Every structure is written in structure tokens, then in C-alpha cells.
Amino acid sequence: MMTRWSAGFLCFAVIGLAGPAMAQEIAPPDDATRFLLDTALAIVAGLCAILFIVAYGLRDIGLARVQNAPAACLRMLASFAVTIFAFWLSGYMLAFTVEDGGFLGEFGSWAVNDNDPMTAGRASGALWFFQAGLAAVAAAIVAASVSERVRLWAFLIFVAFLGGMIYPIAISWVWGGGYFVTDWGYYDGGGATVHIVAGGAALAAAFVVGPRPGRFNAKSPWIAATTMLPLSVFAAGLAWVALIGISAGLGESFSSVEDAIRIGAAISNIAVATAAAVLAALVITQFVYDRPGLVTTMCAVVAGPVTIAGDPVNPDLWQAAMTGAVGGVIVSVTPPFLARFRIDDAGFVVPTHLLCGVWGAMIAAWVHPDARFVGQAVGAISIGFFSFAVSLMIWTALKYSPFGARQRAPKLPADDPARHPA
């Protein structure tokens, strides 16, 4: 009897000791499985980009006055459609046909090409869908900055330039193998470039279009009251989830154990960075303004992933927390500074995306073994300046064109606070 129990115990001990070793010996997937998994990742990441667009549209509606909600919905849908066409007709080829170390790719329309799918690793249509979604994300971010006063058709003309020229040229220098990645070693593993381009364009748009009616008529800046802030908070949560999916998609692969570990590390870092950004925003607004700020904290939810977008994989958790906390500081102190210059950033895009995006790109040199601070700083600042400068020229041309950049101020009811700013 004892011999039988001893033998059974020995078998269980051997299995228990061999378990970890057996778990580590996972066979790699075959080529077909790898192709399917990586194509599925691109499709899911593209859907997350669309989720972000919808979320930012809802966030825009929640921050705006009720009468401007239909215009925000129309702007969201129309900008997505224009961006898709612009990226199809010229954007994709500009972004991904640039020579190594070059500045400009080919002008031409994209077409499905799956003649050698195993070499490409993913279906060409899925990859295009994801990249087009990222271009549409940039357009949605710009739309939030000029809410409640921009003309629809002027905005759509700008979106055509953004999705067909500005954004593709900028990402060609990074993901297309262009100048900054080859000559400066610029690294972007989580989409910081998307936020920098969108933030630079948003700053130019807000500067040219001007503030909302009544925004700076009082001695202290007036902000329109809204009863839909819960909708904006819900939308910010959706945007946060979408940014996680986009970050995973930019990793390009989900077909090995190492890829799964990498994505898991990125998600945990994003969560910690976001928590740190939220806590920092709460503390700063409490001590500076004597009450915790809901809008600022909501912006910190989006700023968290943006701050580590340069490299969401390699930071330790404490590094992610410190990086995210700086993002919380940025979104807390920047809006009053912009208000002093009468720049009305309705969606708080400049601090959340431009400044946190530049910070995220630069701090990647702290955690990524191959990134260097000088290269990260030069690349991020140059891309932001390029987007701002070209966007400024386009918006200035639109302002003095027959279209005009700014819609006519609506006739407000006598009891509307915009007529009598406090």
C-alpha cells in the first residue's frame, strides 16, 4: 500500500516539476496561422481607431452646448469619409513609398496587392484599413479643438489636406523609413507621431479660426456651461480603450508568445500611466483651484496613454507612473496659459495630444535601448512644427477664401450665458 502511494506521489511530483518546462515549450505557429493572427490584429486595431473617432465625437458633444451637438455629429461623420478618400487617393503611397532617409514618397492611389501575402505577413487591405483609421483619428482630434465655430466645408477641405498630405508625409519620416528614423534614430512604437501631428494641426486651426462667441469677453475667460459632462467622461473612457487597441496594432504582430508578452506589458504600462495622470490632475486642480477638476481629470484619462506612446513596452511600471504623472501636470497647467493668448482649444487638444505627445516621444529615450534623447527631441519637435506650419498656411488661405473658416455666430436667446458672460 505504501509503495503504491509512494509511486503515485512520485508521478505527481514529476508532473508538477515538468509542468513549467512543458508550458514554456510552446510550438511556434505555422505561416498560415501567423498570417491570420497578424491580419486580425490589424483589423481589430483599425476598428479601435474608428471607436476612438466615435468616442471623440461624443466627447465633443458633451463639452459643447446642446444646439451645437448636431454640427459636431455631422463633422465627425463627414471628416471620416473625406479622410478615407484622401488617404486612398494619395496618403498611403506618400507614407509608405518614401526612400530610405528621404522626405517624400510617391503621389498615387493605393490598390489592394496580395500577390505575395506570406512575405508581407498581413493582408494589404487590413494594413491599409488600420493606417487609414489612424489618419481619421488625427482628423477627429483636430475637429475637437475648433468645435462650435468652424465652417463645415472649410474644415473638410482642411481634412483632405491633413489625410492626403500632412499626416502621410509626417509618418513617412518615421514608419515609412524616412529621414528621422534613418538619420536621427527616431523611435515611435505606440503612435506618438499621430498625436503630435494632430496636436500641431489643432493649434494652428484654433489660432486662425479664433475663439468661440463670448469666450473671452469677460475679465476672466468664460466657458460655456454644459449638462452633458457625463457623456464626455464616458466617451473619454471609450477613447482610452481605443488607444490601447491602437497601441497593440502598432506592434504589428500577435502571433507568438513574445508578441503576447509585449502587448501585455504595454497594456499594464498604459494602465499605470493613466492612473498616475489622473491622480496628478486631481491633486493639482484641488490645490490650485480649490476643487478637483472633472474636465481636467477627463483629459488626463486620454493623456495617460499618449505620454508613453513613444514606447509603451519597455518602461518599468514606476517609469510609466512617473511619465504619466507629468502628463497629468501638463493637462492641468496648460489650458490657462493658452487662454492668456486667447487661444480657444475647445477640446483641450493641445495639452492632451501635442504637448503630451512630444513628451511621450522624448521620454522614450529613457526606456528604449536604441533611442537617443537628441534624436527623439529633434524628430518630435520637427514633426510638430511641420504640422503646425503647413496647417497654419492652409487655414489662413481658407480664412480669406470665399468659404471662410468661421461660421456665423448664431442668434442666441436672451437668457443664454454667452450673451451675458459672467
Checklist line | Only Lys, Arg (+1) and Asp, Glu (-1) charged, at Cβ; the stretch 290-379 dipole about Cα centre in debye | finding: 220 debye
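If neighbour count is taken as other Cβ atoms inside 10 Å, put 193, 33, 182 in order from fewest to most. Don't jump to the answer; show the numbers that get you there.
Values: 193 29, 33 11, 182 14.
So the ranking, lowest neighbour count to highest, is 33, 182, 193.
Relative contact order of the chain, please, whole-number percent, based on alpha carbon pairs below 8 angstrom and at least 6 residues apart. If you can, show how the numbers build up before the last one.
Values: 799 pairs, mean separation 93.8, N = 422.
Computed value for the chain: 22 percent relative contact order.
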Item checked: Sorted by Cβ density within 10 Å, fewest first, the residues 299, 73, 356 -> 73, 299, 356
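How do 75, 406, 151, 342 line up, fewest other C-beta atoms within 10 Å first? Don't skip to the end; give the middle numbers.
Working: 75 24, 406 16, 151 19, 342 13.
Ascending number of Cβ neighbours within 10 Å: 342, 406, 151, 75.
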Check: Taking all pairs of different Cα atoms in the chain, averaging 1/r and flipping that mean, what Kirkwood radius in angstroms comes out?
Finding: 22.5 Å
Check: Between residue 103 and residue 381, what FRET efficiency follows from the Cβ-Cβ distance if R0 is 22 Å, with the result rounded to 0.05?
Finding: 0.85
Next item on the list: Report the label-to-label distance for residue 279 and residue 317 in nanometres (one decimal), using points 7 Å from each Cα along the Cα→Cβ vector.
Entry: 1.1 nm
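Placing unit charges on C-beta atoms (Lys and Arg positive, Asp and Glu negative, everything else neutral), compute the dipole magnitude of the stretch 31-399 about its Cα centre in debye, rounded to 20.
Details: 16 positive and 20 negative charges, 363 e Å.
Charge dipole of the stretch 31-399: 1740 debye, to the nearest 20.
Could you give the length gained by full extension between residue 373 and residue 183, i.e. 0.36 nm per residue of separation minus their alpha carbon distance, to one decimal place? Working shown, then result.
Numbers: separation 190, 0.36 × 190 = 68.40 nm, distance 1.37 nm.
Contour length minus Cα-Cα distance gives 67.0 nm.
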Check: Calculated from DSSP H runs of 4 or more alone, at -39500 (n - 2.57) each and per residue, what is the 222 nm mean residue ellipticity of the chain, nearest 500?
Finding: -22000 deg cm²/dmol
Notebook entry, point to check: Where in the chain are the DSSP H helices whose C-alpha atoms run 15 Å or more along the long axis and whose mean Kyte hydropathy is at least -0.5?
Noted result: 2-24, 31-63, 69-86, 124-145, 192-209, 229-250, 257-289, 294-307, 317-340, 356-367, 373-399
Item checked: Length added when fully stretched, residue 287-residue 337, from 0.36 nm per residue minus Cα-Cα -> 16.3 nm
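At 0.36 nm per residue, minus the direct Cα-Cα distance, what do residue 241 and residue 33 gain on full extension? Give it in nm, one decimal, please. Walk me through the numbers before you get to the answer.
On the way: separation 208, 0.36 × 208 = 74.88 nm, distance 2.63 nm.
Computed gain between residue 241 and residue 33 is 72.2 nm.
Read-outs: derived from the displayed coordinates by stated rules, not from any lab. Keep in mind it's a predicted model, so treat the numbers as computed, not measured. Because the Cβ atoms are built from the backbone with ideal geometry, glycine has one as well, and the counts that use them run over all protein chains shown.
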